[in-house]
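If you scroll down you'll find the structure; I have some questions about it.
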Amino acid sequence: MADVKQQSSNLPERPEAQEQAPSQVDDAESQAGIESVGDESQALQSGNVDNEKDLPDLSILEGKKVNKGGNVVDDNGKLFGRIVDGDASKLVGKKIDSQGKIWNDSGKVVGTAEVIPIDERDESSSAPFEDFPDAVVSKDGTIISDNQVIGKLVEGDAKKLSGKKVDKDGDVIDNIGNVVGKAERWEEEDAPEPEAIDLSALAGKRVNKLGNVVDASGSIYGRLVEGDPKKLAGRMCDKNGDVRGEGGDIVGRAELVPESEREGVKQGPFADFNGATVTKDGKVEAGGTVIGRIIDGDAKKLFGKPVDDDGDILDSNGNLLGKAERWEEPEKEKSRHPASGFKVNREGNVVDENGDTIAKLTDGDLSRCAGKEIDDDGDVVDGKNQRIGSVTLLADIPVPEEVPEEPKESPEEAEERKQMEQDKKLAAQMATCIQQSLDKIQPILKMITEAIESAERQPKEDLDEQKLVDTVKPLLEQGGAILQEANGVIRGLDPDGRIQANAKHKTASREATPEEYRLAEVLKELTGSVSQTIEGAKKKVAGMPHAKKELNPLWGLLAEPLGQILAAVGLLLSGVLGLVGNLLAGLGLGGLLDNLLGGLGIKGILEGLGLGSLTKSLTGKK
């Protein structure tokens, strides 16, 4: 073994270019010394080699390194040899010398390698698609496996080969095993790392409250991307875009903005105005102030349209209809009051240089304004230029018009007016009283009707007429009491009989007042409700002898106070009964009321009072 070492040390060194030989090795060169590599390697390890010519040529392994599989490969991963001695896991990455030895950092041999024959190298090399058994050709010529692109077609028509399988060697095989195309592995290149952005322009710039990084003139160079703008306002950026606190710590970070954005957000000419709209005369107003004018478009068609921040006038669909520009109306030259510069005299007049009176003091205390000067607005001002009064030109003082005297009211007209006011008040009071009575009596009238209708529906053999009488009688008494109370209230409106004494002299020819119309309406409701209840009940108890005998005398409990109410109203407001009659006739109740009044003798009472014509109109008779 010592001889082998000595011989190997005497071998000439290969040139540096040969040590860095490419992975493509000439077959003739690599074939030398390989045919009996197995026996010779063993001989070398056992120390049985006697001379230099018996040593295998391992120079092809020089510069190659060990991979995790225990193989010797070049930088491209091409296989050249294998480890025959040593722990492969500890030799990963270590290089081989020209004699197949592997050295550690201390100069000690920790392993040896041998050359693999060329034919075995090809078999050991991995096929490009061996890990993708389901690889197929797609329509665009890419090779797909599990929906991922793993290669591309380099030979053959992609459309014709679409769907064909690709074997582990990259051959595209048809159904009978013929090679019809060729594919090679392809992997998407890693995205290049982004180039570092030069942020040196931010150095020395400060953060403002809006988070912009600006120079001394306010030009924007960057914007804050990390940190609170309010807390970092006023702090400076360094050349890396970092914002540092007082202690030097990084408290924020900024980025550059494009040069096109360095002027900041550009606002349109109307950005500061809310509700800008077009007026009829082609101007643009906001809050009643003219802020612009139309420069493109028809003012009549654009009237009322909103104007956006840029001055564009759009329809509801966003189409451009017109254009506006900022514009303000020129200030009108203020006219000078003709009395400006003159003073108010003791009489309150303003006299010009010719001695003519041109104005008078119309506002202010003469004692304060006398001798004071008048300004351009026609105001009288004191020494501190405070307004204390004003004057008006004689030509502007209107001539007082003579107010015609209102014609005096005759005694008859005064009496008539007074009577009408009294009637209106009286009608309103009576309407309120009757409305209250109507609200009270309607539920009672309803109970009377329901009790009689319920009895009418019962078989005669089951009908208890006395029970019906006992039910209806207290209801009639209660209803009569309500009407008597109303009658008393109405009569109480004329306690001394003065209005009643004048009733015969009233005429029903004048137009009724709204108060009288309301009175007639509620009186119609009361009269109609009571009359219909009485007449309906009489008809239903006609076939009930006992009930008829007991109840017929009791209907007067309702009818008599109703007639008295009508008589009282007729005496106090004669025209109202005519309205009531018309309303009842419209409901077809005129004849019904006539029977009611006639049966009670009320008609005779009214005729005795001189109101016979009213009873005829009340009942619908002429």
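The values are calculated or read from the model by the stated rules, or taken from the named source; none is laboratory data. Here the structure is a predicted model, which is why all the values come from computation and not from measurement. Here the Cβ positions follow ideal geometry from the backbone for every residue, glycine too, while neighbour counts run over all protein chains shown.
Conditions tested, residue by residue: (1) of a type outside the set (V, I, T); (2) within 60 Å of the chain's Cα centre (by Cα); (3) assigned by TED's automatic domain parsing to the domain that holds T533; (4) surrounded by 16 or more Cβ atoms within 10 Å (Cβ to Cβ).
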| residue | (1), (2), (3), (4) |
| --- | --- |
| E450 | yes, yes, yes, no |
| K460 | yes, no, yes, no |
| L463 | yes, no, yes, yes |
| L468 | yes, no, yes, yes |
| V472 | no, no, yes, yes |
| L475 | yes, no, yes, yes |
| G479 | yes, no, yes, yes |
| G488 | yes, no, yes, no |
| G492 | yes, no, yes, no |
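Looking at the stretch 385-411, which of its residues are β-branched (V, I, T) and assigned to a loop (DSSP other than H, G, I, E, B)?
Step one: of the stretch 385-411, the residues β-branched (V, I, T) are 388, 391-392, 397, 399, 403.
Within the stretch 385-411, I397, V399, V403 qualify.
Consider A203 against the criteria (1) closer than 22 Å to F132 by Cβ; (2) surrounded by fewer than 16 Cβ atoms within 10 Å (Cβ to Cβ); (3) at pLDDT 90 or above: it satisfies all of them except one. Which criterion is unmet?
Failed condition: (1).
Sort through G389, G355, G383, G341 and tell me the only one that's more than 30 Å from V522 (Cβ to Cβ), in contact (Cβ under 8 Å) with a residue 40 or more places away in the chain and not hydrophobic (A, V, I, L, M, F, W, C). Outline the logic, then answer.
Working: G355 fails: in contact (Cβ under 8 Å) with a residue 40 or more places away in the chain; G383 fails: in contact (Cβ under 8 Å) with a residue 40 or more places away in the chain; G341 fails: in contact (Cβ under 8 Å) with a residue 40 or more places away in the chain.
Only one candidate qualifies: G389.
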